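One structure is given below, encoded as structure tokens.
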């Protein structure tokens, strides 16, 4: 497998413009003859499908949801970054680029990240033109806030529902194309395989989730915008149905999977309340601006809290350990996501957790309320406090919040070159499904930016470079390759529904999630990772022999859908552990306990690991690790410190 | 918590369907309502029975996938929540809970509690957008929009498309849903160019889907998880009448 | 003219018909009431008979009557058609329905409307038909009214009227402000005023109408 990143020549600032000029074009009359499949209708997928259709391509769009509008991009709260510098605070494309590459702990390509920063400004214009109701100042101009530790205000937002509003904007662009007949929308279809003809992606196999029918769809190119894989942990802030299946099946067909061990843990989520817990809810990062994180100083006190004998209010000030302020006196509660998360885990593992499961710490607003007023706190965080109250049934104005880290985003994904094409020609990956722009750690308010940059501004240009060379013949599905792929999918579906063993799919998924969380989560060790690989293989066996999938394949069958997804999560989980084991350094979301500074911070090894690890699937043995070296010509690699 | 659940079971859209009663001993008040259904489904699976199909995804009240009528109320006995945000502490130990799908001609039942809401998409296709191709937008700050207008537009754009308005309305009317989009785009300067055509097309599409008519009862806004006000319906009526009668 | 059909067969066009005819009928109620208040004048019905004679003979009133009947017909027919369509919009109902917070009166518009329609037929039969068709020469309108309420239906005719006015009050309570909402006249400043005005109207006007049978049954002395 050859990894050619296709990074254009020239100065960082000129690369994208030069590249766009050099890309081959398809003339308008020929675009009508070319069909593109887009799988997924989140920010990346919907914006790509709409933009490609506007250019004149025929687009077939697919989602497993009942409507494109339900994709999980909708749940993003905080905002979207753009280097508009509307606030005259020294922001620029270069600064956004720099912050992003540094935030990613120098494990992303300079050229990709610069392009992202460059097109970020167009995204805001596009969204506003579509009618996205961003927050505004009294003068009627767009408001910004600072976010994720950035020193400038560059985050555009729509209350705590920025993802929703941006997705509805992209959905409306998609609707316009559907009404014009240029996009054919296929709802309730789950992609289960990609079909390769002569090594090129030429179609997909999907299951109609209502009738169970296995359908074939052919095209001249296939785009996957199918999101991240956070649900491998079972519990995450992802939507219940978010999954890796489309990306994983592409991986099994030959697309390299890059940096699977880069996963992001968000420190402020609502803790798990019991075994039945189905998902975790994120509370915006902004809460740490005013909240103080603490646990009791003594284990005995923590034990009493866990048993419900006393509450936080019974613990005197002298008995409280504000561990972030203690460990990081200069940054205190505002240390980056990964540092805050690991510190909370450390306290809970040591027995100081304050919820019955032991996995929770306090986030206390009492001082902030005393310092300012309950009213001011309500102005800032009212909707978050209400959301917390609905879930936990406790008033955070009176009782400290209980929080714990949870998986939130995955930086790894399908390897793509500068044109967003995977190692399979004609197969592209966009948004969270690819690995490209966030390196080892993503900054707040950058996920929405990347999804829309890929969909609105990158793929419409880069895909023509591929399509200019394909033949215009109408793609057909009556080929041996389609037959084989459809049969494999059908056989697997039938096999799954024939399994009536002793474990439900959720039980095995929960077991898998626990292993990955414990061993491929916030802190990883060589020993733990090796154990994880073994244990995951055991789950793989249990799944094969003893899973129970009720019902049949010819109906709406959620257990069957889940079974197919968990099958892939098990394999992905193993690859994550292997990737984490091979990366003998700590960087961003990947923390190897063997590799830390004396202060307990991530210790990178730039000599040996300033590269992308791209894994090649091997049906008959261990996956193969390939490397794409990362070349930094513009930024100097530095070590983070938050003491 | 011990619960008696009376759940609508229907194999597919052709099936007549009926209520089945189940008992659940191991629910607790910290569970969300959907987690309680998860527990029921684990139990049914273990007993070799078919689990209850229900729609869900984000489980934090924003994707709009979930929704059933619980003891006679869309999204159940809590205010400003989608079904996924409803918690079992809103019920009592030993209570009987009746769970039904959204009922409307425009929302045919596909299985158990899963309904087909594609009518909403079709209404959106008819005109729920501003015609602006990628790349043709001017700078975002060229057009100042007073904060009050932007906020009012947001209060309509807030809609999650769950369909509780239709489920709650005694006439199964989709006016609040359609009005939310019409109002959102009619308020903003960007939406002006197409506003007369948009409202006519969207209302026409809505009428073709078999939803009932609005009789201004306000049941929709009472059950809307995002508290979208019926003043947006008034705005749509105004837009429609001026588009149909006043405009040339 | 295609736009006309399209507009008035659309759901919002139909609401427009309901609201405009409704507001027209609301206006009519007020004029009707103002005339009927003559019944309370203690002059043995002279003023009322004079008024009624004018109403039943003036050509202008005859023309207006046609408009009035059209208003009623449009309101009733459109209402019936909408009710049928609304019923069809939910072919399978809910097993359990708990009272949502929507306004109570709004839920029973077709039912109260239907009752008022029946009342209307009886009302026209008792007075209009009687004087124009059955006894064209009889000009003692006052006597007809007082007899009907004192002795009609075995002494219960008055009660039927009072009941009808209670239901009319329900109908108006929702209808008054609903008409404005349907016309798109929802305004943060003015809607609360319209609501209050509507509630007042829906109590005062039917109460005044209901006072007539009550007066004749219990307080009238010949």
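Tabulated values for the structure
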{"quantity": "Residue-averaged [θ]222 nm for the protein assembly as shown, counting only DSSP H segments that reach four residues, each worth -39500 (n - 2.57)", "calculated": "-13500 deg cm²/dmol"}
{"quantity": "Kirkwood Rh in Å, taken over all unlike Cα pairs in the stretch C:21-131", "calculated": "17.1 Å"}
{"quantity": "Pair residue A:471, residue B:148: separation of 7 Å Cα→Cβ label points (nm)", "calculated": "6.6 nm"}
{"quantity": "Whole-number D in µm²/s for chain A (Stokes-Einstein; Kirkwood sum over Cα pairs; 10 °C, 1.306 mPa s)", "calculated": "63 µm²/s"}
{"quantity": "Over the stretch B:57-128: Rg over Rh, Cα atoms, Kirkwood Rh", "calculated": "1.02"}
{"quantity": "Burial ordering of C:108, A:323, fewest other beta-carbon atoms within 10 Å first", "calculated": "C:108, A:323"}
{"quantity": "Cα pair distances in the protein assembly as shown, grouped into 10 Å bins until the bin that holds the longest one, percent each", "calculated": "2, 10, 18, 21, 19, 13, 7, 5, 3, 2, 1, 0"}
{"quantity": "Highest to lowest packing among A:620-631, A:393-404, A:336-347, scored as the average C-beta count within 10 Å", "calculated": "A:336-347, A:393-404, A:620-631"}
{"quantity": "Computed over the stretch B:118-246, Kirkwood Rh from alpha-carbon pairs, angstrom", "calculated": "15.0 Å"}
{"quantity": "Mean projected area in nm² (Cα convex hull; one quarter of hull surface) for chain B", "calculated": "15.6 nm²"}
{"quantity": "Solvent-free Debye scattering, log10 I(q)/I(0), computed from the Cα coordinates of the stretch A:415-476 at q = 0.18, 0.20, 0.24 Å⁻¹", "calculated": "-0.67, -0.78, -1.01"}
{"quantity": "Per-selection Rg to Rh, the stretch A:354-438 - Cα, Kirkwood hydrodynamic radius", "calculated": "1.27"}
{"quantity": "Principal axis dimensions, the stretch A:480-609 - Cα atoms, whole angstrom, descending", "calculated": "58, 37, 23"}
{"quantity": "Shielding by other protein chains, A:278-286, mean Cβ within 10 Å", "calculated": "3"}
{"quantity": "Residue C:111/residue A:544 FRET efficiency (R0 60 Å; Cβ-Cβ; nearest 0.05)", "calculated": "0.45"}
{"quantity": "Inter-probe distance in nm under a simple model that places probes 7 Å from Cα toward Cβ, at residue C:1 and residue C:200", "calculated": "4.3 nm"}
{"quantity": "Estimated FRET transfer efficiency when R0 is 60 angstrom, pair residue A:326-residue B:89 (beta carbons, to 0.05)", "calculated": "0.95"}
{"quantity": "Normalised per residue, the volume of the convex hull around the Cα set of the stretch A:266-408 (Å³)", "calculated": "108 Å³"}
{"quantity": "Gap separating the Cα centres of the stretch B:1-58 and the stretch B:122-163, nearest whole Å", "calculated": "38 Å"}
{"quantity": "Sequence of A:452, C:185 once ranked by neighbouring C-beta atoms within 10 Å, starting from the fewest", "calculated": "C:185, A:452"}
{"quantity": "Pairwise Cα inverse-distance average, inverted: Kirkwood Rh of the stretch B:46-91 (Å)", "calculated": "11.6 Å"}
{"quantity": "Inter-centroid distance (Cα atoms) of the stretch A:219-298 relative to the stretch A:353-413, Å", "calculated": "20 Å"}
{"quantity": "Neighbour-count ranking [beta-carbon atoms within 10 angstrom, fewest first] of A:269, A:261, B:165", "calculated": "A:269, A:261, B:165"}
{"quantity": "Largest-first ellipsoid semi-axes for the stretch B:100-143, taking √(5λ) over the Cα gyration tensor eigenvalues, angstrom", "calculated": "37, 10, 9"}
{"quantity": "Paired Rg and Dmax values of the stretch B:3-111, which use every Cα atom, in angstrom", "calculated": "13.4, 37"}
{"quantity": "Dimensions in Å of the stretch A:208-265 - Rg and Dmax from alpha carbons", "calculated": "13.8, 38"}
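Each value in this text was obtained by applying a stated rule to the coordinates, not by laboratory testing. Keep in mind the model is a prediction, meaning the values are calculated, not measured. Here Cβ is always computed from backbone atoms with ideal geometry, including for glycine, and neighbour counts include all displayed protein chains.
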